[in-house]
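Read through the structure below, which is laid out as structure tokens, and then see the notes.
Values quoted throughout were computed directly from the atomic coordinates according to the rules given, and no laboratory measurement underlies them. A quick note: this is a predicted structure, and the numbers were derived from the prediction, not measured. Note: ideal-geometry Cβ built from the backbone for every residue, glycine included; neighbour counts use all protein chains shown.
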Amino acid sequence: MAWTRKILRVDLNNGTCKSEPLNMEWAQQYLGQRGLATKYFISEVDPKVDPLSPDNKLIMTTGPLTGTPASTGGRYSVITKGALTGAIACSNSGGYFGAELKFAGWDMIIFEGKSAKPVYLAIENDKAELKDAAHLWGKTVWQTEEIIKKSHQDPQTRVCSIGRAGENGVMYACIVNDLHRAAGRSGVGTVMGSKNLKAVAVRGTQGVSIMKDAKAFMSAATAAKKVLAENAVTGQGLPTYGTQVLMNVINEMGALPTRNHRDSQFEDARKISAEAMIEKRPSDGKSHLVTNAACFGCTIACGRISRIDETHFSVVNKPEYWGASGGLEYEAAWALGAANGVGDLEALQYANLICNEDGFDPISFGATVGAAMELYELGILTEKIIGMEAPFGSAKALCDLAQMTARGEGFGKELGLGSARLCEKYGKPELSMGVKKQEFPAYDSRGIQGMGLAYATSNRGACHLRGYTVASEVLGIPVKTDPLVTEGKADLVKAFQDATAVFDSAGVCIFTTFAWTLADLQPQLAAACEGDWTMEKLAAMGERIWNMERQFNNAAGFTAKDDDLPPRLKTEPVKTGPAKGLVSGIDKMLPEYYQARGWDANGVPSKETLKRLGL
Amino acid sequence: MQKSLHIDANKCTGCLQCEMACSYENYGVFNIAKSRIKIFNFEHAGRMVPYTCTQCAEAWCMNACPVDAIRVDAATGAKVVNEANCVGCKVCTIACPFGTVNYVAETGKVQKCDLCGGDPACATACPTGAITYVDADWTGLDKMRAWAGKTDNATRASA
């Protein structure tokens with residue numbers, strides 16, 4: 001069974017919490033987490049709703065494998081209508097919070113309405129209550145966790161919260177748990193802030209005991225762990241180098257977007273890479289990286305724990321940042337580094353710490369700084385407007401702007417809008433590098449053609465985690481495809497998107513898919529979950545989830561025009577490296593993709609498609 | 001051969017697979033709240049440390065128990081709580097210098113590591129080798145090997 005079969009519904013208007021049974025019929029069609037919570041969300045929320053209005057809802061949800069010994073079985077997701085995008089948002093986080101929520105006996109928390117004053121939700125097993133958060137408002141994520149654990153006199157409490165970014169309306173604010181894991185993208189923290197909900201504190205001691213066949217599950221989980229351990233990426237690359245293993249690889253391919261996608265190779269990539277993180281620094285003879293770390297249940301352990309250089313300009317006289325903390329992951333290192341032309345590893349880590357401390361997405365923030373730096377170089381943004389010189393490559397500007405964005409000070413307020421709104425405001429909308437107002441992650445659509453299509457069609461705006469064709473186009477998983485061509489990419493993207501939807505609905509991490517296919521996940525689900533979980537059923541479910549999300553976005557007002565890339569990627573060829581001379585073939589791939597999906601020319605699922613998927 | 005749990009904190013990633021395995025082995029549930037081994041995460045130092053009973057030879061808990069509910073398992077050397085005898089007085093939890101015997105409100109008894117009868121589930125579950133089950137007389141073997149490997153043989157090689 002694996003589900004706790006209980007939903008906690010929190011009415012922030014009236015301050016009430018009540019338990020209701022999980023819809024088990026839906027659980028059979030949508031499994032859990034992303035799929036099931038999205039089903040709840042779209043059944044209850046008007047697609048046209050303003051993301052920041054009390055009528056938007058926010059769901060925190062676990063999967064059936066969350067809180068089990070399945071490797072990486074500690075994930076939870078936040079589903080809402082994204083503040084940044086206005087599209088369906090689903091942000092996934094690791095750490096320990098998700099498992100704790102499950103142990104407390106809840107599959108899902110649905111927040112509705114808006115509290116009149118700041119509150120936080122305190123859960124201890126079956127008991128849930130909203131508590132006053134006046135003393136927490138204005139505090140950082142790190143302070144909030146500490147204060148709650150102290151006041152509950154329970155260091156084993158797990159907390160997720162928003163920082164000042166979420167309170168101040170930074171459009172890409174995150175919800176951060178366990179100090180440095182985050183439901184990071186699309187502005188889910190902004191929605192949480194708009195509801196005056198500061199944090200959720202959970203202590204769960206009930207565990208997960210309701211399994212269909214615990215013995216079969218244990219042997220399936222053990223076999224699947226072996227697959228991860230024996231795989232070069234999940235067994236060696238990720239634990240040793242983290243996701244940062246990609247920095248030099250992607251740069252060599254000429255697919256590392258640099259200086260707001262003006263360039264596709266970064267001359268200082270090496271300085272901000274995994275290799276640089278393990279080298280000894282001249283200043284103190286220590287390496288930047290302290291250790292790798294795992295989230296709950298994870299046998300990969302890609303997480304990075306680093307210590308910033310105490311002598312770096314960003315933290316002299318700030319001992320509060322000298323301890324070990326999370327970072328840098330590849331996406332953050334890219335967005336804070338290459339996207340701005342900043343090659344100072346310690347500066348990137350400082351900005352990353354600020355993102356964690358006050359809860360905002362380093363991808364969107366870094367990319368927005370990149371756009372601002374281009375506007376500065378074009379003379380549209382001036383020193384007077386920004387409050388400092390901000391050319392590409394300025395580590396000082398990056399650090400100061402991170403701090404200003406966290407606190408909602410000066411130009412930091414405008415950076416908090418995200419690149420789409422910022423570039424629009426200054427009359428250069430084409431300079432925002434993203435899709436559906438969400439900034440691109442760390443792969444250039446011109447040098448890895450499939451990613452361009454994955455970005456354009458991602459249901460939550462530009463994102464690498466909705467269809468990570470990098471696995472195939474770069475790493476050869478499950479088969480190697482040529483990153484420079486468009487042929488075959490429509491089917492490839494569809495296959496990745498559908499499979500990812502299943503993994504995101506199970507409670508495990510998408511990084512398992514470097515080694516696992518659905519065939520590795522299926523036996524674990526079949527042993528844990530009541531019902532008949534065949535490969536065919538799971539594959540159909542992934543496609544169903546994708547189409548369900550798409551329908552929500554279509555109803556919210558998105559059209560085929562929104563499945564597009566910025567003109568730069570379609571007209572300005574790559575200048576250097578293996579992809580030299582290429583632009584994105586998105587216009588060729590998109591119609592092929594619609595056809596592969598069974599959608600019409602406007603990107604609307606046909607009647608036959610919906611019928612086939614039971615929608 | 002007597003065996004002993006051996007912990008190398010440098011290898012711990014904080015995944016808690018050991019805690020899950022412990023609760024499943026002893027209670028048939030996946031519940032870290034019932035685990036007899038705990039991982040401590042010293043966040044600001046970047047250190048994760050597994051900690052559990054070391055099975056003291058002169059066990060404080062055993063000596064303190066007024067009802068003789070903690071006995072030595074002759075096969076493994078583990079100090080094992082006999083729940084039928086335990087009256088839940090908690091004196092052992094006070095006596096233990098390391099905090100590794102704890103009271104369980106639900107059962108009214110105390111619990112501690114019993115080495116799973118000689119096949120500790122935590123060691124089997126640990127994906128990184130941070131927890132192993134080794135010859136009790138040679139828990140220092142890996143450390144010795146590491147240092148031995150650093151010994152300079154250059155003089156002999158060049159002679």
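What the Cβ-Cβ distance of residue B:144 and residue A:216 gives, at R0 = 30 Å and to the nearest 0.05, is a FRET efficiency of 0.10.
Between residue A:595 and residue B:63, what FRET efficiency follows from the Cβ-Cβ distance if R0 is 56 Å, with the result rounded to 0.05? Using R0 = 56 Å, I get an efficiency of 0.15.
Rounded to the nearest 20, the size of the Cβ-charge dipole of segment A:241-323 about its Cα centre is 100 debye, with Lys and Arg at +1 and Asp and Glu at -1.
Summing charges over all other residues whose Cβ lies under 11 Å from the Cβ of residue A:147, with Lys and Arg as +1 and Asp and Glu as -1, gives +2. For chain A, the residue among A:118, A:257, A:130 whose Cα projects farthest onto the positive side of the dipole built from Cβ charges is A:130. Stretching the chain fully between residue A:252 and residue A:491 yields a gain of 83.4 nm (0.36 nm per residue, less the alpha carbon separation). Modelled this way, with points 7 Å down the Cα-to-C-beta line, the labels at residue A:407 and residue A:377 are 2.9 nm from one another. Post the alpha-carbon centroid distance, segment A:555-615 to segment A:167-200, in whole angstrom. So the separation of the two Cα centres works out to 30 Å.
Say we join alpha carbon atoms closer than 10 Å with springs in a Gaussian network model of chain B; which of B:149, B:14, B:88 then has the biggest fluctuation? Top of the fluctuation ranking is B:149. Taking the square roots of five times each eigenvalue of the Cα gyration tensor of the protein assembly as shown, the equivalent ellipsoid has semi-axes of 42, 31, 26 Å, listed largest first. Taking the Cα centre of segment A:449-613 as origin and assigning +1 to Lys and Arg Cβ atoms and -1 to Asp and Glu Cβ atoms, the resulting dipole is close to 400 debye. Charge dipole of segment A:6-203 (Cα centre as origin; +1 on each Lys and Arg Cβ, -1 on each Asp and Glu Cβ, all else neutral): 300 debye, rounded to the nearest 20. One Cα centroid belongs to segment A:241-260, the other to segment A:1-71; the line between them spans 36 Å. A simple spin-label model places the labels of residue A:223 and residue A:317 6.2 nm from each other, with each point 7 Å out along Cα-to-Cβ. Rounded to the nearest 10 degrees, the angle from helix B:17-27 to the longest Cα principal axis of chain B is 30 degrees.
The relative contact order of chain A comes to 16 percent, based on Cα pairs under 8 Å that sit 6 or more residues apart.
Among A:483, A:502, A:228, which residue has its Cα furthest toward the positive end of the charge dipole of the protein assembly as shown, with +1 on Lys/Arg Cβ and -1 on Asp/Glu Cβ? It is A:502, whose Cα lies furthest towards the positive end. Estimated from the Cβ-Cβ distance and a Förster radius of 25 angstrom, the FRET efficiency linking residue A:610 and residue A:534 is about 0.70.
Exposed loop sites are taken as GluC sites (Glu not before Pro) in a DSSP loop (any state but H, G, I, E or B) with at most 15 other beta carbon atoms within 10 Å; the longest stretch of chain B without one runs B:1-57.
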